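Asker: Next up is a structure, given as structure tokens.
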Amino acid sequence: MANERLRAALLQKGLSVAALAESIGVDEKTVERWITQDRVPYRRHRFAAASQLGSDETYLWPDALSQDQVTSASGSEVVTIYPHRWSVPRDAWGRLFGTAEREIGVLVYSGLFLAEDTGLHRLLREKAEASARVRILLGDPDSPQVAERGGDEGIDEAMGMKIRNAIVMYKPLRRLDGIEFRLHSTTLYNSLYVADDQMLVNTHVYGVAAAQAPVWHLRKLPGGDLYNTYAESFERVWEGATPLPEG
């Protein structure tokens with residue numbers, strides 16, 4: 001049975017079997033067997049190949065690690081846990097997004113505390129100008145999901161108003177190339193703040209405002225699956241969201 005994920009990753013990167021083999025120091029026929037016979041490489045070669053392809057070894061070889069190994073690696077992805085969002089140091093947000101070189105992602109209902117931060121606006125603009133992809137997902141203020149979350153937090157229609165305020169505050173950024181805004185109509189169980197291979201996950205708790213809920217700081221590690229679970233959720237919401245018109 002062929003490893004179609006590995007084959008597709010090579011095609012996506014524009015790499016030949018020979019080029020990958022040379023870059024990681026193995027024989028070309030060895031890489032061919034990884035693809036055509038779905039052979040699982042030694043771990044050092046999995047790391048090297050995944051790094052060259054910009055992928056994750058657990059995606060390219062899902063059965064390579066035992067469940068105990070995946071669990072252990074996933075636990076190590078947790079850098080720290082904050083009991084409340086307000087207890088996250090103010091400069092931690094700038095440090096998180098400041099490390100990004102490839103992408104920044106924000107998935108929230110309103111995230112008004114970021115929309116109000118002019119320093120963050122400047123940082124996002126600089127990252128976009130440096131070719132990082134910046135994506136911001138806000139809740140559709142007219143959606144039933146936003147109304148429900150407003151009721152959960154006890155602020156009712158104020159939730160939609162917060163989103164509309166955020167949209168207005170982001171107006172200068174909405175005209176810039178490299179910064180994309182979309183509106184989503186999903187039930188969010190967490191707000192996500194992504195910077196390359198790091199992420200802050202602000203959990204949502206019934207009856208508790210997001211600022212009062214815990215935050216997990218995650219860092220993606222080879223073999224871990226915790227970061228990937230949240231990252232895949234971000235992509236699913238993005239795919240189903242509607243672009244926010246300029247203006």
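Asker: Could you figure out which of (1) at pLDDT 95 or above; (2) in contact with a Leu (Cβ under 7 Å, 6 or more places away or on another chain) isn't true of Leu173?
Answerer: The failed condition is (1).
Asker: So, Ala64, is that one at pLDDT 85 or above and either under 23 Å from Glu103 (Cβ atoms) or not charged (D, E, K, R) (or both) or not?
Answerer: no
Asker: Another question, then. If a residue has to be within 14 Å of Leu183 (Cα to Cα) and either among the hydrophobic types (A, V, I, L, M, F, W, C) or in contact (Cβ under 8 Å) with a residue 60 or more places away in the chain (or both) to count, how many in the range 141-158 make the cut?
Answerer: 1
Asker: Any idea which of Gly139, Gly151, Gly178 is on the phi > 0 side of the Ramachandran plot and of a type outside the set (Asp, Glu)?
Answerer: Gly178
Asker: Looking at the range 86-111, which of its residues are surrounded by fewer than 19 Cβ atoms within 10 Å (Cβ to Cβ) and either assigned to a helix (DSSP H, G or I) or touching a residue at least 40 places away in the same chain (Cβ under 8 Å) (or both)?
Answerer: Selection gives Trp86, Ser87, Arg90, Asp91, Ala92, Gly94, Arg95, Gly98, Thr99, Glu101, Arg102, Glu103.
A quick yes/no check of all residues on (1) among the basic types (Lys, Arg); (2) open to solvent by 20 Å² or more (accessible area, probe 1.4 Å); (3) touching a residue at least 12 places away in the same chain (Cβ under 8 Å):
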residue	(1), (2), (3)
Val134	no, no, yes
Asn165	no, yes, yes
Arg174	yes, yes, yes
Leu183	no, yes, yes
Thr203	no, yes, yes
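Asker: Residues that are over 28 Å from Glu101 (Cα atoms) and either charged (D, E, K, R) or touching a Pro at 6+ places or on another chain (Cβ under 6 Å) (or both): find the helices (runs of 4 or more DSSP H) completely inside the range 139-217 holding 1 or more of those.
Answerer: So the answer is 144-153, 158-169.
Asker: Exactly one condition in (1) surrounded by 18 or more Cβ atoms within 10 Å (Cβ to Cβ); (2) among the aromatic types (Phe, Trp, Tyr); (3) within 20 Å of the chain's Cα centre (by Cα) is false for Tyr170; which is it?
Answerer: If we test Tyr170 against (1) surrounded by 18 or more Cβ atoms within 10 Å (Cβ to Cβ); (2) among the aromatic types (Phe, Trp, Tyr); (3) within 20 Å of the chain's Cα centre (by Cα), just (3) comes out false.
Asker: Could you tell me whether Thr58 is surrounded by fewer than 19 Cβ atoms within 10 Å (Cβ to Cβ), among the β-branched types (Val, Ile, Thr) and modelled with pLDDT under 85?
Answerer: no
Asker: Please work out if Ala213 is more than 9 Å from the chain's Cα centre (by Cα) and surrounded by 17 or more Cβ atoms within 10 Å (Cβ to Cβ).
Answerer: When the stated conditions are applied, Ala213 passes them.
Asker: Continuing with this model, one more query. Could you grab me the full set of residues in the range 1-41 that are among the β-branched types (Val, Ile, Thr), open to solvent by 60 Å² or more (accessible area, probe 1.4 Å) and closer than 14 Å to Trp61 by Cβ?
Answerer: Val40, the sole residue that qualifies.
The values are calculated or read from the model by the stated rules, or taken from the named source; none is laboratory data. Values in this document were obtained by computation on a predicted structure and should not be read as measured data. Here Cβ is always computed from backbone atoms with ideal geometry, including for glycine, and neighbour counts include all displayed protein chains. Just the protein is used for accessible areas: all its heavy atoms, side chains included, with ligands, DNA and RNA removed. Shrake-Rupley method; radii C 1.70, N 1.55, O 1.52, S 1.80 Å.
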